[in-house]
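Structure first, then comments.
Just so it is clear, none of the values below were taken in a lab; they were calculated from the coordinates. From a predicted model like this one, the values you see are computed outputs, not experimental measurements. Here the Cβ is made from the backbone with ideal geometry for all residues, glycine too, and neighbour counts use every protein chain on show.
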Amino acid sequence: MFLESTAIALEDVVIGGTNVIDPEIFEETNEVVWQDAVTLNIWLCKVDPQTGRFIPPDGKGQLVRLGSQAGGNAAPPWWDADGWGSLNGPEFGVNANGRYIYMTVRDGQGVNQVARFGPLGTSNPVYTQLTTGGSGRGGALPTTYADFLVGATVTLSNDILPTWRFDNQSNLDNPLNMDAFGLKGPRWVPGQFALTTILRDSQKTLQAAVADLANNQYTILTNDAGDKTDAIIFDAPELGTKALMCITGKNKNQIAVYRQSSPFWTRIATIDAPKFPLGGGRTSSIFLAEPFFYRGKTYFSFAVGKIAGFSLLSPSRIYVASLENPNPVQACRNGLSFRFDPEVVVLNDKVYLYYYEFMSLNLGALFGGGPGTPFTTRLRLVTDFLPDAPASTAAPAAATAPSSARETVKARIAR
């Protein structure tokens, strides 16, 4: 079933400098790490909790790593003439020694490797390449276990096979069984040394599963009809237990939400893709969905568009829905640009949603290694999209944080 979304008054403005992609926000310190889509430089800055805007305004606070288009070795976000890129932008990771930025870089042979920079907030953060050799590793997603003496990362290889490793055994690639991929890949489970994955059951249906890494045990969590991808386990505040979300339905047009139970988790909510005029008989798909938490309730942010074939030329829009009310609400301005990677944070009880949109696309440069810039982007900030959230203020200030989508899940892992 497709629903008409209910749009409410919101503010959707351009922030940051040009070509900001994949910003990640660490709420506890109000830090933002992001990558430049053209130079591929990686930058660290602050976010103002009163406005959601970057400090400094262009986001270029501290240069973490020069990009491969600027004389450095930070890898491109997707692919270029040399092959696959990072498959993910820079991420924050935490262990007992502090917080770090993890990234994908190209080694001297042009092979993707995992590197990190930190500890942040110290007088002498250090850049360290963690992996060497192999066929390439990208898309590093680190743990945020504050009591771990050594962190761990999960990555995808150049042939899209997931592996994980401890930072001090960085060339020991431990395989992760996974039968299908969405756009999110495996995710760390809050409070457990475990990863979500997707496995086929006895009926060949793709189901959400969890991998207990300490014991090398796999458990399928769902058993209902329909293939699933993009599984994320989170702590649902209103349930007092863990919950699971994944993308399912025909053409990936639904978010399914499950409550922890035994032997299989119980489906408690379904969020249907809203109607969206794509043209050409195209069907709406949901992609890049994540949970976030506000005032004791669980919400979900996601993009809706034509994701089959992953066309950067297709229009898409950003929506939010809640566990309490699964009716999607449009959380971006109208228009037909391609909007990507919504990220929600809650700072000082104010809710901010970030996404970036593609402004130009050079297919020859993107796929064929031709001359020119593969694409250009701009970052947008959305406020006042939740009816019960207080409005943001207009002028930039300083910083302090607490709760979001991907980063909230990470923060809960660390506790």
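Determine ³J(HN,Hα), in whole Hz, for all residues of region 117-134 in sequence, where each value follows from phi through the Karplus function 6.51 cos²θ - 1.76 cosθ + 1.60 and θ = phi - 60°; x replaces Gly and Pro.
Working through the residues one at a time gives 9, x, x, 6, x, 10, 6, 9, x, 10, 8, 9, 7, 8, 10, 9, x, x Hz.
Below 17 Å, Cα to Cα, which lysines can LYS250 reach? Residues fewer than 8 away in the same chain don't count.
Here the lysines satisfying the reach criterion relative to LYS250 are LYS204, LYS228, LYS275, LYS306.
Where does region 78-185 land on Rg(C-alpha)/(2.2 N^0.38 Å)?
It is 1.03.
In the neighborhood of THR219, defined by Cβ-to-Cβ distances under 12 Å, what is the net charge if each Lys or Arg adds +1 and each Asp or Glu adds -1?
-2
If amide H atoms are built 1.01 Å from N in the plane of the peptide, which residues on other chains or at least 5 residues away come under 5 Å of the amide H of TYR294?
Excluding prolines and chain starts, which carry no amide H, the hits are TYR299.
Counting only residues 5 or more places away or on other chains, whose amide H sits under 5 Å from the amide H of TRP78 once H atoms are built in the peptide plane?
GLY85, SER86, LEU87
Using each residue's phi in region 54-63, evaluate 6.51 cos²θ - 1.76 cosθ + 1.60 at θ = phi - 60° and report the 3J(HN,Hα) Karplus result to the nearest Hz, with x for Gly and Pro.
Result, rounded to whole Hz: 7, 10, x, x, 7, x, 9, x, 10, 6.
In nm, what is the difference between 0.36 nm times the number of residues separating GLU11 and ALA225 and their Cα-Cα distance?
73.1 nm
Karplus couplings for region 13-29 from phi (6.51 cos²θ - 1.76 cosθ + 1.60, θ = phi - 60°), rounded to Hz, Gly and Pro as x?
Using θ = phi - 60°, the values come out as 10, 7, 9, x, x, 7, 6, 7, 10, 6, x, 10, 10, 9, 5, 5, 10 Hz.
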